[in-house]
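Novice: Please read through the structure below; I'll follow up with questions.
Bear in mind that the values in this text are calculations on the coordinates, not laboratory data. Note that the structure is a prediction, hence the values are computed from the model and not measured. So basically every Cβ, Gly included, is an ideal-geometry build from the backbone, and we count neighbours across all protein chains shown.
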Amino acid sequence: MAAASPRVSTPYPGIIFLGPPGAGKGTQAARLADTLKLPRISTGDMLRDAIASETPLGKQAGPLMEKGGLVPDDLLITLITERISRQDCRDGYILDGFPRTIGQAKGFEEMLGGNGANAFVVFNVEVPREELLRRLSGRRWCPKCQATFHVINNPPKHDLKCDRCGTQLIQREDDKETVVTRRLRDYDERTAPLISYYDHHSRFHTINGYRPADTVFSDLRGILEAVR
Ligand code: AMP
């Protein structure tokens with residue numbers, strides 16, 4: 001049996017991943033979560049779960065997400081506030097896909113209270129636009145366990161079936177070409193301004209995401225070790 005990886009304590013309650021769709025935030029956030037033994041909170045996955053279980057949130061979010069649009073800030077802030085108040089986030093958490101607007105960033109800081117702005121590390125993952133399009137068009141997703149694959153970079157072992165649970169992989173509706181264009185436009189207009197919002201932050205780090213996933217991951221680990 002493999003030895004359990006040691007828990008790396010971080011003094012920061014939150015690790016935020018910024019970056020356009022396809023930058024590899026999900027992959028890196030999942031690896032960090034595994035290594036640091038912290039929960040990965042993907043608002044995209046939470047919303048997809050809400051849609052699948054037909055909750056009131058899912059009913060509001062579904063039509064917007066299908067077209068590639070953003071879900072309103074107040075819904076996201078409520079969702080994150082509830083999630084972060086759970087016991088498993090007591091020692092920290094990794095946010096994947098939140099905040100995505102300045103309004104969400106401000107709501108998040110308010111939620112953290114007085115010293116909120118310094119209570120997290122921000123990783124801004126950069127990848128050239130052509131590479132993002134290539135990655136998103138080849139992405140395949142497991143609707144059951146939410147694992148992500150890529151037809152060229154990270155193919156599943158057996159004909160488009162999930163390596164973890166065997167479910168048939170699909171292309172997410174919002175990874176289809178016209179929807180991707182809308183998501184990238186929303187990123188440029190609404191999420192990219194967060195880069196200047198956070199770049200004065202002492203724990204803001206821009207990461208070159210156009211490298212092998214292992215190299216990107218070692219960079220993240222190095223930065224977190226250095227700021228401990
Ligand atoms: P993701 O899985 O992070 O790519 O998110 C998929 C979709 O969920 C996005 O295109 C949005 O429609 C919605 N979504 C996820 N996170 C947020 C957020 N923080 N704010 C608004 N919409 C979000």
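Novice: So how far apart, in nm, are the two label points at LYS144 and ALA52 if each is 7 Å from Cα heading toward Cβ?
Specialist: Each label point is offset 7 Å from its Cα along the Cβ direction, giving 1.0 nm.
Novice: For the chain, what does -39500 (n - 2.57) per DSSP helix run (n ≥ 4), summed and divided by total residues, give at 222 nm, in deg cm²/dmol to the nearest 500? It would help to have the intermediate numbers written out before the result.
Specialist: Numbers: 9 runs with 95 residues, N = 228.
It lands at -12500 deg cm²/dmol.
Novice: How far apart, in nm, are two points set 7 Å out from the Cα along the Cα-to-Cβ line at ARG129 and at GLU66?
Specialist: 2.9 nm
Novice: Also, quick follow-up: So if I place +1 on the C-beta of Lys and Arg and -1 on the C-beta of Asp and Glu, and nothing else carries charge, what would the dipole magnitude of the chain be about its Cα centre? I want it in debye, nearest 20.
Specialist: Magnitude of the dipole: close to 480 debye.
Novice: Something else: What lysines does LYS176 reach when the alpha-carbon gap must be under 18 Å and sequence neighbours fewer than 8 apart in one chain are set aside?
Specialist: Within the straight-line limit of under 18 Å, LYS176 reaches these lysines: LYS67.
Novice: So what is the relative contact order for segment 120-184, in percent, with contacts set as C-alpha pairs under 8 Å and at least six apart?
Specialist: 29 percent.
Novice: Once R0 is set to 22 Å, what does the formula 1/(1 + (r/R0)^6) return for the Cβ-Cβ distance between ASP34 and GLU225, expressed as a FRET efficiency to the nearest 0.05?
Specialist: Once the sixth-power term is evaluated, E becomes 0.85.
Novice: Expected output is a single nm value to one decimal: the length gained when fully extending between ALA192 and MET111, i.e. 0.36 nm times separation in residues minus the C-alpha distance. What is it?
Specialist: Extending this stretch completely gives an extra 27.0 nm.
Novice: Could I have the simple spin-label model distance between THR181 and ASN208, label points 7 Å from Cα toward Cβ, reported in nm to one decimal?
Specialist: 3.1 nm
Novice: Quote the relative contact order of the chain in percent (integer), defining contacts as alpha-carbon pairs under 8 Å separated by 6+ residues.
Specialist: Details: 323 pairs, mean separation 64.6, N = 228.
In percent, rounded to a whole number, it is 28.
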